[in-house]
């Protein structure tokens, strides 16, 4: 294969990085065209590295990569966003880290997810500009589940399929809402009334389709329970109100 055939360009968001050897880094990227990948940035840890200085966490970049035997190699980087200066504020950084972690855990490597790329990019932009960045996380998390096909319906019991009445319960282990006859009181459940369920449904809608941005407390708790269930591991940062945010 020619060198030209082994090189390709893609737009990417930097999810994280770790050291490799004395001067290199392995960078985890969510790319719009190729999905989640790991790539080597050679010399990125050297003080005068042009590539390393442009691979800021949560940044959106246009990159050129050269296909390698095990990992592809980053050979050129062009910045598409300059949001790092705004994201270093502690609460914004914590919320941005949470958004990056959820994509990293829930998205499989090598599977193109352009809608999730766009969701993450727009959410990071909103976080960078907001004085209350935590308010975006419930909607972002539910939209992420919806795009992955894991958002439960808000109007029917996930076990019997009957329409829900005034009171319902979110059981994350069952993957959805339960009515009174299907609920299991000894399990961990989150109670939701009609207004909570309406808010839950609105948080998962596309923009311009009656979507909500801010979550009611019970809807936010239900979304967090679903995220924790599908991530299948403890999350490093919680999005619930009152949590003491910190970098992850």
Filter segment 145-171 down to residues that are in a loop (DSSP other than H, G, I, E, B), over 22 Å from residue 228 (Cα atoms) and out of contact with any helix residue (DSSP H, G or I) (no Cβ under 9 Å at 6 or more places or on another chain), then give me how many there are. 3
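Output the residues belonging to segment 173-188 that are under 24 Å from the mean Cα position of the chain (by Cα), surrounded by 13 or more Cβ atoms within 10 Å (Cβ to Cβ) and part of a loop (DSSP other than H, G, I, E, B). Full working, then the answer.
So the first thing to find is which residues in segment 173-188 are under 24 Å from the mean Cα position of the chain (by Cα), and the list is 173-177.
Of the ones still in play, those that are also surrounded by 13 or more Cβ atoms within 10 Å (Cβ to Cβ) are 174-177.
Across segment 173-188, the qualifying residues are 174, 175.
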So which of 170, 145 ends up being under 22 Å from residue 106 (Cα atoms), modelled with pLDDT of 95 or more and under 18 Å from the mean Cα position of the chain (by Cα)? 145
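From the list 37, 74, pick out the single residue that is modelled with pLDDT of 90 or more, in contact with a strand residue (DSSP E or B) (Cβ under 7 Å, 6 or more places away or on another chain) and within 30 Å of residue 142 (Cβ to Cβ). I'd like the intermediate steps shown before the answer.
Details: 74 fails: within 30 Å of residue 142 (Cβ to Cβ).
None of the others qualify; the one that does is 37.
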Kindly indicate the residue of segment 77-88 that is part of a loop (DSSP other than H, G, I, E, B) and touching a strand residue (DSSP E or B) at 6+ places or on another chain (Cβ under 9 Å) and also nearest to residue 229 (Cα to Cα) among those meeting that condition. 83
Taking segment 89-138, which residues are touching a residue at least 40 places away in the same chain (Cβ under 8 Å) and outside any helix (DSSP H, G or I)? 107, 108, 109, 110, 111, 112, 113
Within the group 45, 18, 6, which residue is surrounded by 15 or more Cβ atoms within 10 Å (Cβ to Cβ) and either outside the structural domain of residue 147 (by TED's automatic domain parsing) or over 23 Å from residue 130 (Cα atoms) (or both)? 45
Within segment 123-133, of all residues that are in contact with a helix residue (DSSP H, G or I) (Cβ under 9 Å, 6 or more places away or on another chain) and within 22 Å of residue 148 (Cβ to Cβ), the one surrounded by the most Cβ atoms within 10 Å (Cβ to Cβ) is 127
What number of residues within segment 21-42 are under 14 Å from residue 116 (Cα atoms) and surrounded by 18 or more Cβ atoms within 10 Å (Cβ to Cβ)? 7
So residue 68 clears everything in (1) in a strand (DSSP E or B); (2) closer than 21 Å to residue 112 by Cβ except one condition, right? Which one? (1)
When every residue in segment 77-95 that is in contact with a helix residue (DSSP H, G or I) (Cβ under 6 Å, 6 or more places away or on another chain) and under 23 Å from residue 24 (Cα atoms) is compared, the one modelled with the highest pLDDT is 77
Restricting attention to segment 190-205, which residues are outside any strand (DSSP E or B) and either touching a residue at least 40 places away in the same chain (Cβ under 8 Å) or more than 18 Å from residue 151 (Cβ to Cβ) (or both)? 193, 194, 195, 197, 198, 200, 201, 203, 204
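The values are calculated or read from the model by the stated rules, or taken from the named source; none is laboratory data. This one's a predicted model, so the numbers in the text were calculated from it and none came from an experiment. Here the Cβ is made from the backbone with ideal geometry for all residues, glycine too, and neighbour counts use every protein chain on show.
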